[in-house]
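The values are calculated or read from the model by the stated rules, or taken from the named source; none is laboratory data. If you're wondering where the values come from, they're calculated on a predicted model, not measured in any experiment. FYI the Cβ positions are ideal-geometry reconstructions off the backbone, even for glycines, and counts take in every protein chain you see. For accessibility, only protein heavy atoms count, side chains too; no ligands or nucleic acids. Shrake-Rupley method; radii C 1.70, N 1.55, O 1.52, S 1.80 Å.
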Amino acid sequence: MASVTASTNPPDRNALAGPAVSAPQAGTAPVPASAAIAPHTGSLRRRMLFIAFAWIVVLLLGGGIALERTLTGLVTRNFDDQLSYMLTAMVSSAEIGPEGEVYFSRQLGDQRFQEPNSGLYWQISGRGHDEFASRSLWDRTLRLKGDHFDNQPHTYDSNQFDGEPLRVIERSVILPGSPTAWQFAVAASRNDIDAQVGRVRAILIWSFVVLGLGLSAMAWAQTYYGLGPLRRVRLAIMRLREDGGSRLDEPLPLEVQPLVVELNELLAHSERQAEEARTHAGNLAHALKTPLTVLTNAAQAHAEDLAETVARESAVMRRQVDHHLARARAVGRRAQGQSRATVRDSVEAVLRAVARIYPDARFDLDGDHEVQVALERQDLDEILGNLIENAAKYGGGSVFITIDARSSDAHHCDIWIEDDGMGIPKAARERLFTRGARLDTSKPGTGLGLAIVRDVAEIYGGSISLGESEDLGGLLVTLRLPRARQAK
């Protein structure tokens, strides 16, 4: 066990005192109303609608382009297949005449080949021979790519006729009985295919516009309906403020229920704090009422011991005010959350102060060096200061402090404070927690120490109990405090 040696320096009671509470200064500028408005990151509905509209535009645009290219390709391939069928019919009907010229053994079936400028043409060209062309070409000639040999048909677009774009399919063929490479070609006006593609594109555009508007309306309706519970929560909170309710009981979806649960917990917490404040105010008023009555009566009666009465009753009122201020400070600090204090550091600081007041006392400290509790350091100092000072005052001269006596408890830390005094009978232990109760009146005191300790400990979720020390034979004070949460 670590032993703490008493110092001969003068007592320093200020080390155990709490912080002074200052009143608001007069003339302080009022907080502007705009400061009460909570900051926000924008509209949740607008964000959801933006995401929905953006995806609708991207998906419809991408799908529309892909579908347009697919349908346009189908129309074009169907058109090319018809031209290829006509080209095959030309090749299968072509023969070589006595003078090496080309002729058809049977007439091509499409009547448009016989009508001038009908938009459907064919032509056969060979090096050293005149072009053999359909009547529909009239006085025009197709400019073919005859500088190479194509064993397979190939198609391409041509603008060789003014105002009439063409789709041309051609193929190189060597007919039996002729060494010439003949170029067979079929050309058709693109006006029909362009009209079909235009109709397809128009249908797609209008269809996707209507689909986009429908999806946008659906997204807006879904967002409006989906955020409806949040509007109901807002209205319910407004009704709570107007009607003075204490919790939200309106049935809501599962996704919003955790928010409602936390909000109800917050309302209950605020109500408990308000009730504590009302209780503290009532207790303080009741505690000050009797001293004020005594002072008033003594003043009206012009009592000879008025000065002594004023001093005595003023001390009583001061003790009551100190007690309730200590509770109020603890409640305020607890509400801030994230309180954390190392027990050993606080005990050592208290021992240094108490050792100056009781230089003949022997203090021994043992236990965990690192354990932390969920209390403000100042409140922990006040609790330990009261308990250790009482042990030194009423004990026989030896005080043992053990930190984290039951280390197996993962949620609480037990601090044992033992002395070698006369102890306290079991029947009288609970009475010590009453404000002003004292068993030993031979030594100075106010009787508020244990009452303050229990009140502050309970405010933080802790407890205090009295027992008998097995090692020293005197009083054993077990202070149980919540452990601080480990930082993640």
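Take 360-371, 411-422 and order them by the average number of nearby Cβ atoms within 10 Å per residue, most first; the result is 411-422, 360-371.
If a spin label sat at a point 7 angstrom from the Cα of residue 84 along the line to its beta carbon, the backbone N atoms of the range 121-150 nearer than 20 Å would be those of 121-123, 145, 149-150.
Taking the accessible area of the range 149-226, probe 1.4 Å, and keeping the other protein chains in place, the carbon and sulfur fraction comes to 61%.
For a paramagnetic label modelled on residue 240 (point 7 Å from Cα along Cα→Cβ), amide N atoms under 15 Å away belong, within the range 258-278, to 258-274.
Phi angles of the range 450-455 translate, via the Karplus equation with coefficients 6.51, -1.76, 1.60 and θ = phi - 60°, into HN-Hα couplings of 5, 5, 5, 4, 5, 4 Hz per residue; Gly and Pro are given as x.
Between residue 192 and residue 127, what FRET efficiency comes out of the Förster formula 1/(1 + (r/R0)^6) with R0 = 45 Å and r the beta carbon distance, rounded to 0.05? Between residue 127 and residue 192 the formula returns 0.85. Residues whose amide H falls under 5 Å from that of residue 150, counting only those 5 or more places apart or on a different chain, are 172, with hydrogens built in the peptide plane. Under 5 Å from the amide H of residue 483 lie the amide H atoms of 374, 412, 413, each residue being 5 or more positions distant or on a separate chain, with H modelled from the backbone and absent for Pro and chain starts. Among 350-356, 83-89, the peptide with the highest mean count of other Cβ atoms within 10 Å heads the list, and the full ranking is 350-356, 83-89. A simple rule links phi to the HN-Hα coupling: the Karplus curve 6.51 cos²θ - 1.76 cosθ + 1.60 with θ = phi - 60°, which for the range 227-232 gives 8, x, x, 5, 5, 5 Hz, with x for Gly and Pro. For the range 31-176, the solvent-accessible area of protein heavy atoms averages 65 Å² per residue (probe radius 1.4 Å; ligands and nucleic acids excluded). For GluC sites (Glu not before Pro), the sites in the range 202-267 that DSSP calls loop and that have at most 13 other Cβ atoms within 10 Å are 255. Model label sites at residue 140 and residue 279, defined 7 Å from Cα along the beta-carbon direction, differ in position by 10.2 nm. Measuring r between the beta carbons of residue 272 and residue 43 and using R0 = 30 Å, the FRET efficiency lands at 0.30. Protection proxy ranking for 375-384, 126-135, using the average of other Cβ atoms within 10 Å per residue and placing the highest first: 375-384, 126-135. Spin-label pair residue 364-residue 257: with each label point 7 Å from Cα along the Cα-Cβ axis, the two points sit 5.6 nm from one another. The distance linking the range 195-253 with the range 78-126 is 63 Å (Cα centroid to Cα centroid, whole angstrom).
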